[in-house]
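Below is one structure; the comments refer to it alone.
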Amino acid sequence: MNKDFLIKDLIDYCQGHNVYIQTHNFPDPDAIASGFGLKKLLEHFGINASVCYVGKIDHLSTRKMTESLGIEIFSKEEIASSLTDSDYIICVDSQKDGGNIEDLTGEEIACIDHHPYKENGDIPFKDIRTTGSCATIIASYFKELDLPVDTPTATALLYGLKMDTLNLTRGVTEEDIDIYGFLFPYADIS
């Protein structure tokens with residue numbers, strides 16, 4: 001585990017800034033769930049954030065996920081004119097210089113990922129853990145901060161976890177199982 005920050009530190013750092021949560025290119029359910037979950041977590045502290053990506057959302061099931069759960073996610077083209085150098089970028093389910101992510105205008109301040117660590121400069125906040133999904137890491141913040149998880153957020157995070165671990169059969173850790181149990185009562189299983 002390479003957890004270089006407490007989530008509360010990142011929240012404090014983001015206060016008063018425009019925040020963009022960037023997934024990897026061609027986001028899958030885990031990336032989208034992670035971005036959406038972090039956006040909802042930041043909202044608890046009065047921080048507005050937008051989830052964004054480069055590329056396109058490929059699979060019908062992934063598009064259905066965004067539609068049925070009311071997840072707003074913006075393509076680079078949709079936000080390009082509003083990005084500034086002073087905006088904050090948080091990468092989820094990806095790391096700059098790790099492939100499959102394009103640099104956006106703004107200052108990368110955090111990287112939250114479950115893939116092997118890539119040396120990526122002087123990012124103030126890094127939480128890179130060995131888990132089956134990035135959604136597990138995001139959900140752990142809700143648990144750590146004792147925040148309520150609404151049904152769409154819990155459902156998205158649980159779906160992201162299930163998809164990235166092939167229904168808890170691939171790359172599963174104890175933390176994934178613990179978070180599955182944490183999210184399950186709040187999620188819409190249907």
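The values are calculated or read from the model by the stated rules, or taken from the named source; none is laboratory data. Predicted model, so just to flag it, every value in this text is computed and none were measured. Cβ placement follows ideal geometry from the backbone for every residue including glycine, while neighbour counts extend to all protein chains displayed. Please note that ligands, DNA and RNA were not included when accessible areas were found on the heavy atoms of the full protein model with its side chains. Shrake-Rupley method; radii C 1.70, N 1.55, O 1.52, S 1.80 Å.
Tabulated data
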quantity: Residue within region 106-119 that is farther than 30 Å from Ser86 by Cβ and either surrounded by 16 or more Cβ atoms within 10 Å (Cβ to Cβ) or of a type in the set (A, V, I, L, M) (or both) present; calculated: no
quantity: Yes/no for Ile101 being open to solvent by less than 40 Å² (accessible area, probe 1.4 Å) and touching a His at 6+ places or on another chain (Cβ under 6 Å); calculated: yes
quantity: Unique match (being aromatic (Phe, Trp, Tyr) and touching a strand residue (DSSP E or B) at 6+ places or on another chain (Cβ under 8 Å)) among Phe125, Phe184; calculated: Phe125
quantity: Residues (among the hydrophobic types (A, V, I, L, M, F, W, C), assigned to a strand (DSSP E or B) and over 30 Å from Ile177 (Cβ atoms)) located in region 93-145; calculated: Ile109
quantity: Test: residue in region 159-177 that is open to solvent by 10 Å² or more (accessible area, probe 1.4 Å), under 23 Å from Ile11 (Cα atoms), in contact (Cβ under 8 Å) with a residue 24 or more places away in the chain and of a type in the set (A, V, I, L, M); calculated: no
quantity: Within region 40-79, considering residues that are basic (Lys, Arg) and over 15 Å from the mean Cα position of the chain (by Cα), the one farthest from Tyr159 (Cα to Cα); calculated: Lys76
